[in-house]
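Notes to accompany the following structure.
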Amino acid sequence: MPIDAIRQATEADLDELVSLLRAGFDSQVRELGLTAETAPWHVAFRGAEDTEREMGYLTFYIIVADGRPAGCIAIQNDVEPEYGGDGYIGRVTVHPDYRRRGYARLLMTFAESALQDRGARRVRLHVLTVLDGLVEFYARQGYVEVCHHTFKEYDVLAMDKPLV
């Protein structure tokens, strides 16, 4: 499980970040039968311009192993105490070549700590309920179901974890 670093992504990392997101979310795209035409909203189909826009309100972190980007995670830039001190985690992925090494768990722990440093008292994430393995992964990390909502034709589960 040795890694080189977990570091903040910069605009100079944009192309690498987009490639990592596409590779990391490819299995999800195949599992759900999505295409760029049917699901242009999915992170796997977003380009550099979309990701750069997201970097305006999300901070991306890249886990580096063997000198290569092996995974990433994003957290919101601003924790909003007036809304209960919630933080947000998203874009969690590990490149297929680096899976089953505990990198997703390391990224989650890193992101939770970064949000806590920003004043978050709890963290929220969203996952499609049809992705059973991801729901189970987040539950093992201490996240609990808060509510469901619908996005497009998918049932989305909001999960929270207290940080304090």
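The values are calculated or read from the model by the stated rules, or taken from the named source; none is laboratory data. Because the structure is predicted, anything quoted here is derived from the model rather than measured. Cβ atoms come from the backbone with ideal geometry, glycine included; neighbour counts cover every protein chain shown.
For this structure, a couple of remarks:
- Residue in segment 23-37 that is under 12 Å from the mean Cα position of the chain (by Cα), under 21 Å from residue 159 (Cβ atoms) and not in a strand (DSSP E or B) present: yes
- Residues (β-branched (Val, Ile, Thr) and in contact (Cβ under 8 Å) with a residue 40 or more places away in the chain) located in segment 125-164: 130, 164
- Assessment of segment 116-132 against the conditions (over 12 Å from the mean Cα position of the chain (by Cα), β-branched (Val, Ile, Thr) and either within 21 Å of residue 31 (Cβ to Cβ) or in a helix (DSSP H, G or I) (or both)) yields at least one matching residue.
- Restricting segment 125-164 to residues that are of a type in the set (Asp, Glu) and under 20 Å from residue 43 (Cβ atoms) leaves a set whose member that is surrounded by the fewest Cβ atoms within 10 Å (Cβ to Cβ) is 153.
- Residues in segment 135-164 that are outside any strand (DSSP E or B) and in contact with a Gly (Cβ under 9 Å, 6 or more places away or on another chain) were compared, and the one that is farthest from residue 106 (Cα to Cα) is 164.
- Once segment 81-98 is narrowed to residues that are among the charged types (D, E, K, R) and modelled with pLDDT of 90 or more, the residue that is surrounded by the fewest Cβ atoms within 10 Å (Cβ to Cβ) is 97.
- Complete set of residues in segment 38-64 that are surrounded by 20 or more Cβ atoms within 10 Å (Cβ to Cβ), aliphatic (A, V, I, L, M) and either more than 15 Å from the chain's Cα centre (by Cα) or not in a helix (DSSP H, G or I) (or both): 62, 63
- Applying a threshold of 7 Å to beta carbon distances and a minimum spacing of six or more residues, or different chains, the list of pairs starting in segment 99-124 at a residue that is surrounded by fewer than 18 Cβ atoms within 10 Å (Cβ to Cβ) and ending at one that is outside any helix (DSSP H, G or I) and aromatic (Phe, Trp, Tyr) reads 110/61.
- Answer from 12, 70 - the residue that is modelled with pLDDT of 95 or more and not in a helix (DSSP H, G or I): 70
- Answer from 36, 9 - the residue that is out of contact with any Lys or Arg (no Cβ under 7 Å at 6 or more places or on another chain), of a type in the set (A, V, I, L, M, F, W, C) and touching a residue at least 24 places away in the same chain (Cβ under 8 Å): 9
- Of the residues making up segment 122-164, just one is touching a Lys or Arg at 6+ places or on another chain (Cβ under 7 Å) and on the phi > 0 side of the Ramachandran plot, namely 142.
- Residue check, residue 109 at pLDDT 95 or above and part of a helix (DSSP H, G or I): yes
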